[in-house]
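Working notes for the structure below.
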Amino acid sequence: MSAPVVYGFPRSTFVNIVRLVLTHKGIAYSFQDLEPVMGKAEHLALHPFNSVPIFRHDEFIVYETGAIVSYVDETFDGARLTPKDPRARARMNQWIGVVHSYVYPYMIYHVTHERLVFPELGIPSDEKVVAHALPKVETVLAVLERELVDGRQYLIGSELSIADFFLLPSTFAFSLTEEGRRLYPKYPAFCRWRQRMESLPTTQKLRAILPPREPIQHAREWAKSHRPKY
Ligand SMILES: N[C@@H](CCC(=O)N[C@@H](CS)C(=O)NCC(=O)O)C(=O)O
């Protein structure tokens with residue numbers, strides 16, 4: 001069997017969830033940067049919904065981050081990131097759903113895109129999009145704070161799970177915005193979780209091999225095709 005391949009672009013939140021899980025489990029893989037072909041036939045042949053990440057393991061190709069990381073956790077050796085207990089597993093899946101439905105859309109798709117991704121391409125921020133997202137981000141942070149305030153180390157308890165790696169890249173990117181810098185200190189238990197996650201050897205190891213943050217060139221299309229309107 002050959003080493004698996006992750007396809008995506010380097011700053012993608014979801015791509016980095018897959019890379020964190022692979023790194024944590026000590027799995028050798030290669031990364032294929034699709035930035036030059038995003039949205040083109042070569043990319044759409046791998047992902048008909050024009051998204052990333054995509055994962056290849058020999059002849060098997062799978063997309064959707066949840067499906068990829070479950071496959072990786074079940075198929076490869078290394079620390080298990082999925083609890084056996086059904087209730088703990090349900091809790092983990094709950095948090096994965098929270099990232100898809102409430103964290104990524106507001107922290108990344110709305111605020112981070114408006115504050116970092118678009119301005120890096122010379123496109124001004126849309127303040128209405130940011131203003132609409134911020135109360136939703138505060139709800140997420142308040143919920144996380146309540147969950148983590150009793151000294152819980154990780155999202156579902158004392159064991160690290162896929163849920164923590166799902167949350168990490170979005171909370172990292174949001175930390176680079178002015179809103180992240182302003183809001184995070186109001187949530188100390190959440191900040192302790194971030195500190196714990198950011199200092200994991202897994203996180204450090206992945207960060208060390210990521211290229212410097214370059215503007216996401218294909219995001220020019222997002223500004224035309226699917227920018228929220230308020
Ligand atoms: N449901 C998808 C979401 C993936 C996603 O939103 N990926 C973003 C990058 S973080 C993307 O591909 N956006 C479209 C683009 O970059 O053109 C998954 O779980 O993999």
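In table form, for the structure just shown:
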read-out	value
For the stretch 86-209, with +1 on Lys and Arg beta carbons and -1 on Asp and Glu, the positive-most of VAL143, GLY180, PRO105 along the dipole	VAL143
The chain: relative contact order as a whole-number percent, Cα under 8 Å and 6+ apart	23 percent
Potential lengthening between ARG192 and THR82 on full extension [0.36 nm per residue; Cα-Cα distance subtracted]	37.4 nm
Cβ-based charge dipole, the chain, positive-most Cα from ASN50, ALA208, SER125	SER125
Packing rank of 111-121, 64-74, 207-217, where each peptide gets the mean count of other beta carbons within 10 Å, highest leading	111-121, 64-74, 207-217
Net lengthening on full extension, MET1/ILE61 (0.36 nm per residue, minus Cα-Cα)	20.2 nm
FRET efficiency, TYR184 to ARG89 (Cβ-Cβ, R0 30 Å, nearest 0.05)	0.55
Given LYS25/LYS229; LYS128/LYS186; LYS25/LYS128; LYS84/LYS186, the pairs whose alpha carbons are separated by over 32 Å	LYS25/LYS229; LYS25/LYS128; LYS84/LYS186
VAL149-ALA45 FRET efficiency (beta carbon distance; Förster radius 45 Å; 0.05 resolution)	0.45
Rounded to the nearest 20 debye, dipole of the chain from Cβ charges on Lys, Arg, Asp, Glu	500 debye
Label-to-label distance, nm, for residues given as HIS226 and GLU74 (7 Å Cα→Cβ offset)	2.6 nm
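Quick note: the coordinates plus some simple rules give every number you see, no bench work behind them. Just so it is clear, the model here is predicted, and its values are computed rather than measured. So basically every Cβ, Gly included, is an ideal-geometry build from the backbone, and we count neighbours across all protein chains shown.
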